[in-house]
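Reading through the structure tokens given below for one structure.
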Amino acid sequence: MAIIARMAAAQRALSLEDPRVPITGAQLVELMDGAPTASGVQVNEFTALNLSTVWAAVRILANAVAVAPLILYERLERGRRRATDHPLYRLLHDRPHPEINAFTFKQVLQAHAVVWGNAYAEIERDGAGRPRALWPLLPHLTRVERRNGRKVVVTTLLDGQQVALPAENVLHIPGLGYNGLMGHSVIRHARESLGLARAAELYGASWFAGGGRPSGVLMYDKALAPEQKARLREEWQNLHGGLKNAHRVAILEAGMKWQQIGLPPEDAQFLGTREFSVEEIARWFGVPPHKLAHLKHAHFSNIEHQRIEFHTDSALPWYVTWEQAVNATLIPERDQARYYAEFLSEALLRGDHKTRYEAYSIGRQWGWLSANDIREMENMDPLPGEEGDIY
């Protein structure tokens with residue numbers, strides 16, 4: 001039985017908060033704080049998800065993979081058919097393991113691959129060596145190594161034990177990488193960009209927390225004792241600090257004056273910086289800005305083409321990565337000439353009614369579509385009799 005399957009109950013609670021997950025001091029700093037950036041903000045794979053643009057990019061890519069059915073096909077002498085009688089069909093299409101459905105499984109693994117650059121799932125096999133369950137592994141506790149010329153996947157269990165799994169028993173979805181073993185984390189490479197975005201966000205929050213005004217100084221023409229300065233600063237902050245005190249009237253005595261310092265947000269191009277951060281993060285994740293609700297360069301005449309570009313440039317490479325990993329790992333080499341897995345992504349490219357019906361009309365007139373073919377693509381029941389199958 002698979003290692004993760006033996007620990008199924010514990011897997012439900014796997015998280016960084018679990019004190020049984022052993023990590024070194026250096027790993028703890030990396031996980032909790034991340035490496036410092038020039039903006040002074042710490043960024044790692046967990047804190048980056050607090051940025052709405054990062055969360056949206058990860059969600060969009062994860063959902064793009066999750067929503068497309070992953071179908072197992074059997075090659076025929078001419079054409080193909082869905083291999084619904086094969087045990088792997090249900091594993092990929094319906095339920096990878098007893099506690100999770102296919103949509104959630106693909107969504108989780110794709111989010112891991114986008115954020116950490118790698119996604120892993122242990123393959124539980126039956127007595128004949130056939131896959132019967134797929135158990136996700138935590139990406140921050142898993143890595144790929146080469147030992148004695150053999151590729152293995154090393155993962156850390158809840159009790160602190162490190163287990164080296166044979167590569168053929170792990171479904172590995174890698175992102176962009178250079179060594180042929182693991183993908184690279186986008187977050188680690190994008191730390192400076194994400195740090196700037198987070199710094200701008202924190203600056204805006206502190207701006208409003210301070211009452212929506214730049215900071216300033218109280219000027220007095222006489223010397224004050226240290227305790228007087230401290231008391232004056234505390235009283236001023238209590239009376240006029242924070243958003244709820246933003247419009248209180250200040251009464252200054254004994255010739256004291258208020259001098260505003262600091263640049264207002266418009267002078268520091270605060271809004272422009274935040275807008276640019278959306279485009280910058282979109283570039284890092286390969287997601288068109290319009291998918292992140294940034295519609296500056298999107299309009300009615302090009303939004304359809306941008307939707308197609310998202311499929312071909314953003315989602316399709318991940319489909320191919322998944323398909324090749326599944327075909328190489330889950331299908332025995334002796335059966336790979338007969339069976340293969342492929343995403344059914346046509347539904348994501350469906351146009352409006354007019355465009356679809358015009359395409360159907362062309363296919364019907366030229367003879368490669370029947371009425372029932374069209375009705376099936378429109379999720380309609382076939383016509384009675386044989387007339388619906390005439391080309």
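Looking at 345, 370, 361, which one is touching a His at 6+ places or on another chain (Cβ under 9 Å) and either closer than 25 Å to residue 315 by Cα or at pLDDT 85 or above (or both)?
345
Hey, among 217, 115, which residue is at pLDDT 70 or above and open to solvent by less than 70 Å² (accessible area, probe 1.4 Å)?
Every option except 115 fails the conditions.
Counting just the residues of segment 34-50 that are at pLDDT below 75 and either under 21 Å from residue 111 (Cα atoms) or among the hydrophobic types (A, V, I, L, M, F, W, C) (or both), which one comes out surrounded by the most Cβ atoms within 10 Å (Cβ to Cβ)?
So the residue we want is 34.
What residue, among those in segment 68-90 that are in contact (Cβ under 8 Å) with a residue 60 or more places away in the chain and not in a strand (DSSP E or B), is farthest from residue 135 (Cα to Cα)?
The residue in question is 83.
Among the residues of segment 69-113, write down those that are within 30 Å of residue 186 (Cα to Cα) and small (Gly, Ala, Ser).
102, 111, 113
Of the residues in segment 71-112, how many are open to solvent by 30 Å² or more (accessible area, probe 1.4 Å) and farther than 21 Å from residue 142 by Cβ?
19
Working only within segment 133-152, note down all residues that are under 16 Å from residue 330 (Cα atoms) and either open to solvent by less than 10 Å² (accessible area, probe 1.4 Å) or in contact with a Phe, Trp or Tyr (Cβ under 6 Å, 6 or more places away or on another chain) (or both).
Answer for segment 133-152, where residues must be under 16 Å from residue 330 (Cα atoms) and either open to solvent by less than 10 Å² (accessible area, probe 1.4 Å) or in contact with a Phe, Trp or Tyr (Cβ under 6 Å, 6 or more places away or on another chain) (or both): 133, 134.
Name the residue, out of 275, 279, that is within 24 Å of residue 187 (Cα to Cα), surrounded by 12 or more Cβ atoms within 10 Å (Cβ to Cβ), at pLDDT below 80 and under 23 Å from the mean Cα position of the chain (by Cα).
275
The values are calculated or read from the model by the stated rules, or taken from the named source; none is laboratory data. Keep in mind that what you see is a predicted model, and the values were worked out from it rather than measured. Glycine also receives a Cβ, built like all others from the backbone with ideal geometry; neighbour counts cover every protein chain displayed. The area values use the complete protein model at the heavy-atom level, side chains included, leaving out ligands, DNA and RNA. Shrake-Rupley method; radii C 1.70, N 1.55, O 1.52, S 1.80 Å.
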